[in-house]
Amino acid sequence: MKKWLLTTSLLSTLAFAEEAAEPVLNAGDTAWMMMSTALVMLMTPIGLALFYGGMTRSKNILNTFSMVFGAFAIAIIAWVVAGFSVAFGTVEGSMNQFMGGFGNVMLDGISWTEFASVDLGQLYPKFIFVAFQGTFAAITIAIASGAVIERMKFSTWMIFAAIWTIVVYAPIAHMVWGGGYLFNEGALDFAGGTVVHMNGGLAGLVLAILVGKRAGYNKVAMKPASIILTAIGAGLLWFGWYGFNAGSAFGANAIAGVAFLTTTVAASVATLAWLAIEALVYKKPTLLGAASGAIAGLVAITPAAGFVSVGGALVIGIVGAIVAFFGVAVLKKKLGYDDSLDAFGIHFLAGLWGAIATGIFALNEKALLWDGPLKADDDRLGQIFVQCESALIVGIYTLVGTVVVYYIASLLTGGSRVSEEEESQGLDESVHGERGFNL
């Protein structure tokens, strides 16, 4: 009898252990990832739309909103149709170094009961991971719109955004985050310095050059419609950025706390740095400068947010503001390109600095870094080299891919630029038949 009871008890214990080993949804991580997804969603059709809209001329403010709003919507559809599969799917052979497979087109093969990041212990539904990553894809293409507002056809833009999300964004996301070449090389990008900001900023510059300058650029005054709207947009972007950076810890955990604090510090010090530079150069610190500085700091800390100390965040934020100010106030005038809302100057240049700075300031702690300690057993120079390699590969791919997609979209819409009459009248009325302000 005792033997039977012992055997029964042992079997029950084993059954319980086997049952306990099954993944169980973590309510805290699930709630945090849903909240983070909503915060990143807030950044694009509200935050970025206001930030960009306020800086454009009043006759084009509605069109600017439409380009950002439309980009978000169509990028999300492109993402669930094929983008997610290309970014995070798998394919056999060497092609997996550069892109995922097509096994998850239309999210085929992904069950609503499936968990994301089971190996990391962060147990939340994979559908939330799909949505979270989709908001990153959407804001990336929306960033590029800031370089070509006031003169690009809305139809061309929408087709471009859909194709670009699948052809350019998704392979880069795979290379850096999805187990591709740069991920395997040990490149660090916590929340999208290369994948999002360098990618979107450079795509914007390429488009600005291909579409051409606005009529009257550098000859007539092009005053912002409302700097107050831009400042509100910057504040909402800052707010949403906590989902962007802290959400990239993929759980309600200590690393999310690191990212939350470093994000706050970098944005704050960059705001002050930009204002100080303006006070020295122009003798007047501006609200537009404060908003621009905050965004520059947020961009710069994005690739490093969960990897660095507060001291590292301070340096990254200050230098990020300096680099972005140089791009906006010096480089743009020197080279003469018409990047309407400085997508390249702020997002690409600050993102580039942040990507390299991640290699410089990343803490060598296994619990913080995705794949153990720094590259080559604490080889700091080796990590910096990998970061530079990552920036170079992303830059080349974005450049070539954007040119190709631009010509495809332009061909499909009979040219990419609105007529002279439409541009002169303003795209709000000539394209949309509406006004941003009925005063």
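Just a few scattered comments:
- Residue tally, condition farther than 23 Å from K213 by Cα and in a loop (DSSP other than H, G, I, E, B), over the stretch 386-435: 3
- Condition met for A270 (over 22 Å from N253 (Cα atoms) and open to solvent by less than 10 Å² (accessible area, probe 1.4 Å)): yes
- Enumeration of residues in the stretch 191-226 that are more than 20 Å from K332 (Cα to Cα) and either surrounded by fewer than 17 Cβ atoms within 10 Å (Cβ to Cβ) or free of Cβ contacts under 8 Å to residues at least 12 places away in the same chain (or both): none
- You will find that of L368, L349, L381, the residue that is part of a loop (DSSP other than H, G, I, E, B), among the hydrophobic types (A, V, I, L, M, F, W, C) and either surrounded by 20 or more Cβ atoms within 10 Å (Cβ to Cβ) or at pLDDT below 95 (or both) is L368 and no other.
- With respect to the conditions (1) modelled with pLDDT under 95; (2) closer than 18 Å to V400 by Cα, A161 falls short on a single one, namely (1).
- Residue within the stretch 396-405 that is open to solvent by less than 60 Å² (accessible area, probe 1.4 Å), more than 19 Å from the chain's Cα centre (by Cα) and within 30 Å of G193 (Cα to Cα) present: yes
- M43 vs. criteria outside any helix (DSSP H, G or I), in contact (Cβ under 8 Å) with a residue 40 or more places away in the chain and not acidic (D, E): no
- Matching residues in the stretch 48-69 - criterion: being open to solvent by 10 Å² or more (accessible area, probe 1.4 Å) and either in contact with a His (Cβ under 7 Å, 6 or more places away or on another chain) or closer than 27 Å to L107 by Cβ (or both): L62, S66, F69
- Restricting F154, F132, F160 to those that are crowded, with 19+ Cβ neighbours inside 10 Å, in contact with a Gly (Cβ under 9 Å, 6 or more places away or on another chain) and under 20 Å from A49 (Cα atoms) reduces the list to F132.
- Taking first residues from the stretch 334-348 that are without any contact (Cβ under 8 Å) to a residue 60 or more places away in the chain and partners that are among the β-branched types (V, I, T) and open to solvent by less than 20 Å² (accessible area, probe 1.4 Å), no Cβ contact under 7 Å between residues at least 6 apart in sequence or on separate chains turns up.
- Per the listing G382, G415, the residue uniquely over 19 Å from the mean Cα position of the chain (by Cα), farther than 29 Å from I149 by Cβ and not basic (K, R) is G382.
- For the stretch 84-103, a residue qualifies if it is in a loop (DSSP other than H, G, I, E, B), at pLDDT below 85 and either charged (D, E, K, R) or open to solvent by 90 Å² or more (accessible area, probe 1.4 Å) (or both), and the qualifying residues are T90, E92.
- Against the list (1) β-branched (V, I, T); (2) closer than 30 Å to E421 by Cβ; (3) modelled with pLDDT of 95 or more, the condition V220 fails is (3).
- Test result for V315, over 24 Å from L48 (Cβ atoms), open to solvent by 10 Å² or more (accessible area, probe 1.4 Å) and in contact (Cβ under 8 Å) with a residue 12 or more places away in the chain: yes
- In the stretch 329-346, the residues that are in a helix (DSSP H, G or I) and either buried (at least 20 other Cβ atoms within 10 Å of the Cβ) or of a type in the set (G, A, S) (or both): A329, A343, F344, G345, I346
- Checking T230 against (1) crowded, with 20+ Cβ neighbours inside 10 Å; (2) modelled with pLDDT under 95, the condition it does not meet: (2)
- Answer residue from the stretch 118-129, given it is open to solvent by 40 Å² or more (accessible area, probe 1.4 Å) and at pLDDT below 90 and is farthest from A27 (Cα to Cα) among those: D119
The values are calculated or read from the model by the stated rules, or taken from the named source; none is laboratory data. For clarity, every value in this text was computed on a predicted model and none was experimentally measured. All Cβ positions, glycine included, derive from the backbone under ideal geometry; neighbour counts span all protein chains shown. For the accessible areas, the whole protein counts, side chains as well, though only heavy atoms, and no ligand, DNA or RNA atoms are used. Shrake-Rupley method; radii C 1.70, N 1.55, O 1.52, S 1.80 Å.
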